[in-house]
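Comments concern the structure below.
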Amino acid sequence: MSEGPSRSGASARPDDGPGAPAGDRAPATSAAIDPGLIHRLIDRLAVQFSDGHYAEEATAARAAYFAATGELGEEDGELFEPRMAACLEWYVLERPLTDRGVPPVRALLADEKASLAPHEVVALERLATTRRSLFSIDKVEAGSVTVSDLLVEDAAAITAFERRGTLGFTVGDLCEARICDSSDGAIFTKTLLFHPIDAAAEIHRSLPVMRATTEGASEFLARLARINLRWHRQGHVAADRIYREGLSRPGGGASGGPSGRQSGGHSGDLG
């Protein structure tokens with residue numbers, strides 16, 4: 001059965017499948033973007049740009065990502081799969097390749113556009129401009145979730161179609177997510193990182209401070225990921241205190257590290 005996001009924080013949502021409750025899925029015509037195709041293309045990019053010539057590049061990207069978001073240990077087993085999936089998405093969609101100066105998704109478009117099907121080209125072009133940010137869950141309906149981008153002032157609300165099911169999404173939740181957006185609809189990619197609801201007030205209070213400093217949106221997301229890791233390690237308790245402490249000092253959380261680059265909207269450099 002298709003599952004909702006993990007309430008422990010991180011989630012790598014499964015691909016679309018017949019087991020998702022019909023009432024939780026959007027009709028097939030709700031958005032022109034095909035989530036299954038989007039996820040298959042991410043998987044293809046991850047394989048194609050992790051072997052052979054790009055093996056060392058992928059290893060370096062992984063090291064940079066976890067230096068920024070927090071190194072995982074043996075006690076973090078439940079987080080390994082979703083955080084690795086998030087790392088791969090960042091690598092193929094955001095991180096410029098050393099020898100190309102563009103992320104793998106743009107490299108693939110440049111190299112193979114002529115041999116790709118038209119719908120694959122459209123999907124890859126949308127992946128090249130995905131938006132990774134911190135979102136608040138404003139409305140949950142069968143098959144869709146309406147969110148607000150908290151890192152962009154006065155940003156318009158976005159309705160993302162979620163055919164895998166909206167069970168687990170709750171109004172008021174805050175999560176790091178990547179949205180593949182277009183004029184004919186938006187969808188989430190595979191990974192979401194939910195922050196505990198008890199920490200929401202602390203996160204909201206930190207946003208004006210973040211905007212008033214030199215800390216960029218990408219650095220802020222990485223810092224929240226490190227704090228989330230610390231919260232996991234302390235048994236999912238005292239979220240307000242742990243987030244308050246982590247947000248009150250630069251680089252707070254499980255470990256330090258560089259910032260990240262957003263492929264659409266927020267800028268920075270992770271690696």
Residue set Arg13, Arg25; condition basic (Lys, Arg), at pLDDT below 95 and open to solvent by less than 40 Å² (accessible area, probe 1.4 Å); output residue Arg13
Which condition number in (1) open to solvent by 20 Å² or more (accessible area, probe 1.4 Å); (2) in contact with a helix residue (DSSP H, G or I) (Cβ under 8 Å, 6 or more places away or on another chain) is the one that Phe80 fails? (2)
For Arg131: the one exception among (1) out of contact with any strand residue (DSSP E or B) (no Cβ under 8 Å at 6 or more places or on another chain); (2) under 18 Å from Ser218 (Cβ atoms): (1)
Count of segment 119-161 residues which are open to solvent by less than 30 Å² (accessible area, probe 1.4 Å), among the aliphatic types (A, V, I, L, M) and in contact (Cβ under 8 Å) with a residue 24 or more places away in the chain: 12
Are there any pairs, at least 6 apart or on different chains, whose C-beta atoms fall under 8 Å, with the first in segment 170-184 and more than 16 Å from His204 (Cβ to Cβ) and the second at pLDDT below 85 and surrounded by fewer than 19 Cβ atoms within 10 Å (Cβ to Cβ), and if so, which? Ser182/Ala32; Asp184/Ala32
Flagged in segment 83-118 as without any contact (Cβ under 8 Å) to a residue 40 or more places away in the chain and buried (at least 24 other Cβ atoms within 10 Å of the Cβ), in numbering order, are none
Residues of segment 87-103 satisfying the condition of being in a helix (DSSP H, G or I) and out of contact with any Phe, Trp or Tyr (no Cβ under 8 Å at 6 or more places or on another chain): Leu88, Glu89, Leu93
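The values are calculated or read from the model by the stated rules, or taken from the named source; none is laboratory data. Everything numeric here is computed off the predicted structure, so don't read it as measured data. Every residue, glycine as well, gets a Cβ built from its backbone with ideal geometry; the counts of neighbours run over all protein chains shown. Heads up: the accessible areas ignore ligands, DNA and RNA and are worked out on the full protein's heavy atoms, side chains in. Shrake-Rupley method; radii C 1.70, N 1.55, O 1.52, S 1.80 Å.
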